[in-house]
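S.K.: My structure is below; once you've seen it, I'll send some questions.
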Amino acid sequence: MQIRERLEKLIETALEAAVADNSLSLESIPSAALERPRELANGDWASTVAMRCAKQAKCAPRQIAQALVDHLPESADVASVEIAGPGFINIRLTTQALQGLIGEIRTQGADFGKTTQPADTPRVNLEYVSANPTGPMHVGHGRWAALGDAMARVMRHAGYEVYEEYYVNDHGVQMDVFGNSVSVRYMQALGHDVEMPENCYGGAYVKDIAARIIERDGNKWEALSEEERASAFREIAYKEMLGSIQETLQRFGNHFNCWFSESSLYETDAEGENAVTRAFKAMDEKGYIYEKEGATWFKSSAFGDEKDRVLIKANGEYTYFMSDMAYHHNKVMRGFGKLIDIWGADHHGYVKRCEAMLSAWGHEGALEVVLGQLVNLFRDGEAVRMSKRTGEMVSFEELIDEVGVDATRYLMLSRSSDQPIDFDIELAKKKDASNPVYYVQYAHARICSILRKAAGVEQADSMDELAQDLLGTAVDVSLLTHESELALLRRMDDFTDLVAQAARDRAPFRLTHYAQDLAALFHQFYTNCHVLIDDEALRQARLALVDATRILLALTLSLLGVSAPTKM
């Protein structure tokens, strides 16, 4: 049981005791309402329960607070309790409670800080990136790749069941345009005087695809009609581009549970229906479909959208929204009660209509859209817009080629998704304290070096095994009383709550700040408290603290999808 849980139990016990002897009149026992004080001078934890239940108890918050303090059981975790302001109950932990974290972290390892959600918490479908397979991923896609993966990792650590999904937009006009664009470049490469239409994909990568087709098949496709060739190249180019996207994301550390094909929504089943018609029928049965001016409309304005939306145009063509409606209905039918989509901020106008369609089916609040701002690339403070190699937009793959996966991930996660990121390529490559990911990874590597030195070895296959052999479990951590040691332990105590809050708020960026704080506090501790000293008992205690820091740094980095090197 974590420190916070133990304190909550104490306060709940005090409430029950106060009610039992009529010191307080409460129909139900409220939650402990623990939070971190803004100032360390106010203690390690504060409860606001007295103010929250004042109306129910029909007395002043400070009276309630006093009753709770009077009934608070003795605990080895609590050094002192005081009432402050309108009724805050400020709790200061004993050094023993903080010291106990070391054993918990070293015993639980990568499971430290894990929490559970209520049994009725819905399964989460987290859909992100979903770049069209008509071109290379840009750096903005890279931000969503980092955000989605880290969000999934953090939410799982906080007890959610998360299913990661990539929606493959392989249906519709844009795919036809892509196939035709490759066809034109193919014919041009064979010497034909063919003009590229205005509505096309004109990037150099299209020429590259055409060149690879020629290298493999020669002029095999030359004699076909324009329509036949474009149709064939549509499939060839689509598979190649999707394969490239999948390879890049796998290299980046993403592992999707499903690559969901948009085309599959239009595949007919044995009853002659597909996902689109089933979604449409479900909406129609609710009474939110109507005909107007030859088109078919969804009454989204009934759910707060600014206007109704067309599903089927007057010419019988489906709109993009029709596919989106079918896709989200399909997610619900697959048993997901919470749908989280990560979109670029330029799609903000699309949110209300998508929320409306879920509400129309009776799933109000099931959809949550996380909007992300842009990534601005810089090199030594100068804006970078074009690739040196291609003369076009810098691709995501080029960025990780130059900077590496870890630095790209960490910096992409360094700010809240609703804020733009200024990504300096040269900063990301620096190997000093100015580069935040290097700073954190160096702290972890330094710790591993200390443990190896203490064990008298230059190499270790497993740091966990080395630390276990070096320290065992019989370590007297009560010797850790220096303020630098306690400051490090206090920050460790924040981890469980931080993960729970980051999961709740879909905010993994907070873990980058936490990692930097933990690394800084470790460096301060190491400067102020010599570890490899002659005093055997204190040496072992400090090595145990060093090891716990290693475990927590590695865990924090792993939740961000960033490696924790043992040597640098």
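S.K.: Considering only region 150-195, how many residues are of a type in the set (Asp, Glu), within 24 Å of Leu126 (Cβ to Cβ) and open to solvent by 30 Å² or more (accessible area, probe 1.4 Å)?
M.R.: Summing the residues that are of a type in the set (Asp, Glu), within 24 Å of Leu126 (Cβ to Cβ) and open to solvent by 30 Å² or more (accessible area, probe 1.4 Å) in region 150-195 gives 1.
S.K.: So, one more: Just give me the residues in region 81-105 being among the small types (Gly, Ala, Ser) and within 33 Å of the chain's Cα centre (by Cα), in sequence order.
M.R.: Selection gives Ala97, Gly100, Gly103.
S.K.: Looking at this structure, is Gly142 within 26 Å of Gln501 (Cα to Cα) and under 27 Å from the mean Cα position of the chain (by Cα)?
M.R.: Yes; evaluated as a whole, the condition is true for this residue.
S.K.: Please enumerate the residues belonging to region 121-132 that are at pLDDT 95 or above and either part of a loop (DSSP other than H, G, I, E, B) or aliphatic (A, V, I, L, M) (or both).
M.R.: Residues satisfying the conditions are Thr121, Pro122, Arg123, Val124, Leu126, Tyr128, Val129, Ser130.
S.K.: Within 30 Å of Leu367 (Cβ to Cβ), open to solvent by less than 10 Å² (accessible area, probe 1.4 Å), of a type outside the set (Val, Ile, Thr) and not in a helix (DSSP H, G or I), is that true of Ala503?
M.R.: Considered against the rule, which asks whether it is within 30 Å of Leu367 (Cβ to Cβ), open to solvent by less than 10 Å² (accessible area, probe 1.4 Å), of a type outside the set (Val, Ile, Thr) and not in a helix (DSSP H, G or I), Ala503 comes out as no.
S.K.: Could you check, for region 387-396, whether at least one of its residues is of a type in the set (A, V, I, L, M, F, W, C) and either open to solvent by 40 Å² or more (accessible area, probe 1.4 Å) or over 22 Å from the mean Cα position of the chain (by Cα) (or both)?
M.R.: Yes, that holds for at least one residue.
S.K.: Any idea which residue in region 73-86 is least open to solvent (accessible area, probe 1.4 Å), counting only those that are assigned to a loop (DSSP other than H, G, I, E, B) and either of a type in the set (S, T, N, Q) or touching a residue at least 60 places away in the same chain (Cβ under 8 Å) (or both)?
M.R.: Asp77
S.K.: Then there's this: Quick check: anything in region 102-112 open to solvent by less than 60 Å² (accessible area, probe 1.4 Å), among the aromatic types (Phe, Trp, Tyr), touching a strand residue (DSSP E or B) at 6+ places or on another chain (Cβ under 6 Å) and at pLDDT 95 or above?
M.R.: Checked region 102-112: no residue is open to solvent by less than 60 Å² (accessible area, probe 1.4 Å), among the aromatic types (Phe, Trp, Tyr), touching a strand residue (DSSP E or B) at 6+ places or on another chain (Cβ under 6 Å) and at pLDDT 95 or above.
S.K.: Can I ask one more? Of the residues in region 532-568, how many are part of a loop (DSSP other than H, G, I, E, B) and surrounded by fewer than 19 Cβ atoms within 10 Å (Cβ to Cβ)?
M.R.: 8
S.K.: Only residues that are touching a Leu at 6+ places or on another chain (Cβ under 6 Å), more than 30 Å from Asp208 (Cβ to Cβ) and not polar (S, T, N, Q): list them for region 106-137, please.
M.R.: Scanning region 106-137 gives a single hit, Ala110.
S.K.: Another question about this same structure. Any idea which residue in region 456-465 is nearest to the chain's Cα centre (by Cα), counting only those that are more than 16 Å from Leu545 (Cβ to Cβ) and hydrophobic (A, V, I, L, M, F, W, C)?
M.R.: The residue in question is Ala460.
So that you can scan it fast, the table gives a plain yes or no per residue for (1) touching a helix residue (DSSP H, G or I) at 6+ places or on another chain (Cβ under 7 Å); (2) charged (D, E, K, R); (3) farther than 26 Å from Val162 by Cβ; (4) modelled with pLDDT of 95 or more:
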{"site": "Asn330", "(1), (2), (3), (4)": "yes, no, no, yes"}
{"site": "Gly335", "(1), (2), (3), (4)": "no, no, no, yes"}
{"site": "Lys338", "(1), (2), (3), (4)": "no, yes, no, yes"}
{"site": "Ala345", "(1), (2), (3), (4)": "no, no, no, no"}
{"site": "Gly349", "(1), (2), (3), (4)": "no, no, yes, no"}
{"site": "Arg379", "(1), (2), (3), (4)": "yes, yes, yes, no"}
{"site": "Arg385", "(1), (2), (3), (4)": "no, yes, yes, no"}
{"site": "Ser395", "(1), (2), (3), (4)": "no, no, yes, no"}
{"site": "Val405", "(1), (2), (3), (4)": "yes, no, no, yes"}
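S.K.: Find the helices (runs of 4 or more DSSP H) located wholly in region 1-72 whose residues include 2 or more that are open to solvent by 20 Å² or more (accessible area, probe 1.4 Å), of a type outside the set (Ser, Thr, Tyr) and in contact with a strand residue (DSSP E or B) (Cβ under 9 Å, 6 or more places away or on another chain), and list them.
M.R.: 3-20, 61-71
S.K.: Could I ask something else about it? Residues to consider are Tyr442, Tyr410; find the one that is modelled with pLDDT of 95 or more and either of a type outside the set (Ser, Thr, Tyr) or open to solvent by 30 Å² or more (accessible area, probe 1.4 Å) (or both).
M.R.: Result: Tyr442 is the single residue among Tyr442, Tyr410 that is modelled with pLDDT of 95 or more and either of a type outside the set (Ser, Thr, Tyr) or open to solvent by 30 Å² or more (accessible area, probe 1.4 Å) (or both).
S.K.: Please find, among Tyr205, Tyr201, the residue that is touching a helix residue (DSSP H, G or I) at 6+ places or on another chain (Cβ under 9 Å) and either part of a loop (DSSP other than H, G, I, E, B) or open to solvent by less than 40 Å² (accessible area, probe 1.4 Å) (or both).
M.R.: Going through Tyr205, Tyr201 in turn, just one is touching a helix residue (DSSP H, G or I) at 6+ places or on another chain (Cβ under 9 Å) and either part of a loop (DSSP other than H, G, I, E, B) or open to solvent by less than 40 Å² (accessible area, probe 1.4 Å) (or both): Tyr201.
S.K.: Out of (1) within 23 Å of Gly253 (Cα to Cα); (2) open to solvent by less than 20 Å² (accessible area, probe 1.4 Å); (3) out of contact with any Asp or Glu (no Cβ under 9 Å at 6 or more places or on another chain), the odd one out for Asp422 is which?
M.R.: Asp422 satisfies every listed condition except (2).
S.K.: Give the residue that is farthest from the chain's Cα centre (by Cα), with candidates limited to residues of region 468-486 that are of a type in the set (A, V, I, L, M) and at pLDDT 95 or above.
M.R.: For region 468-486, the residue satisfying everything is Leu479.
S.K.: Quick check on this structure: which one of Thr496, Thr527 is within 30 Å of Gly148 (Cβ to Cβ), among the polar types (S, T, N, Q) and either in contact with a strand residue (DSSP E or B) (Cβ under 8 Å, 6 or more places away or on another chain) or not in a loop (DSSP other than H, G, I, E, B) (or both)?
M.R.: Only one candidate qualifies: Thr496.
S.K.: Moving on to the next point. Can you run down the residue pairs with Cβ atoms below 7 Å, 6 or more apart or on separate chains, where the first is in region 403-414 and within 12 Å of Leu511 (Cβ to Cβ) and touching a residue at least 24 places away in the same chain (Cβ under 8 Å) and the partner is open to solvent by 20 Å² or more (accessible area, probe 1.4 Å) and assigned to a helix (DSSP H, G or I)?
M.R.: Between residues of region 403-414 that are within 12 Å of Leu511 (Cβ to Cβ) and touching a residue at least 24 places away in the same chain (Cβ under 8 Å) and residues that are open to solvent by 20 Å² or more (accessible area, probe 1.4 Å) and assigned to a helix (DSSP H, G or I), the close pairs are Tyr410/Pro436; Leu413/Phe509; Ser414/Pro436; Ser414/Phe509.
S.K.: Turning to a different aspect of this structure: Taking the criterion of being open to solvent by 50 Å² or more (accessible area, probe 1.4 Å) and either touching a residue at least 60 places away in the same chain (Cβ under 8 Å) or more than 26 Å from Glu164 (Cα to Cα) (or both), would at least one residue in region 235-249 satisfy it?
M.R.: No, region 235-249 contains no residue that is open to solvent by 50 Å² or more (accessible area, probe 1.4 Å) and either touching a residue at least 60 places away in the same chain (Cβ under 8 Å) or more than 26 Å from Glu164 (Cα to Cα) (or both).
S.K.: Right, next: I'd like to check something: does region 472-489 contain any residue that is open to solvent by less than 40 Å² (accessible area, probe 1.4 Å), within 14 Å of Leu545 (Cα to Cα), outside any helix (DSSP H, G or I) and without any contact (Cβ under 8 Å) to a residue 24 or more places away in the chain?
M.R.: The answer is yes, given that some residue of region 472-489 is open to solvent by less than 40 Å² (accessible area, probe 1.4 Å), within 14 Å of Leu545 (Cα to Cα), outside any helix (DSSP H, G or I) and without any contact (Cβ under 8 Å) to a residue 24 or more places away in the chain.
The values are calculated or read from the model by the stated rules, or taken from the named source; none is laboratory data. Keep in mind it's a predicted model, so treat the numbers as computed, not measured. Positions of Cβ are backbone-derived with ideal geometry, glycine not excepted, and every protein chain shown enters the neighbour counts. With ligands, DNA and RNA removed, areas are computed over all heavy atoms of the protein, side chains included. Shrake-Rupley method; radii C 1.70, N 1.55, O 1.52, S 1.80 Å.
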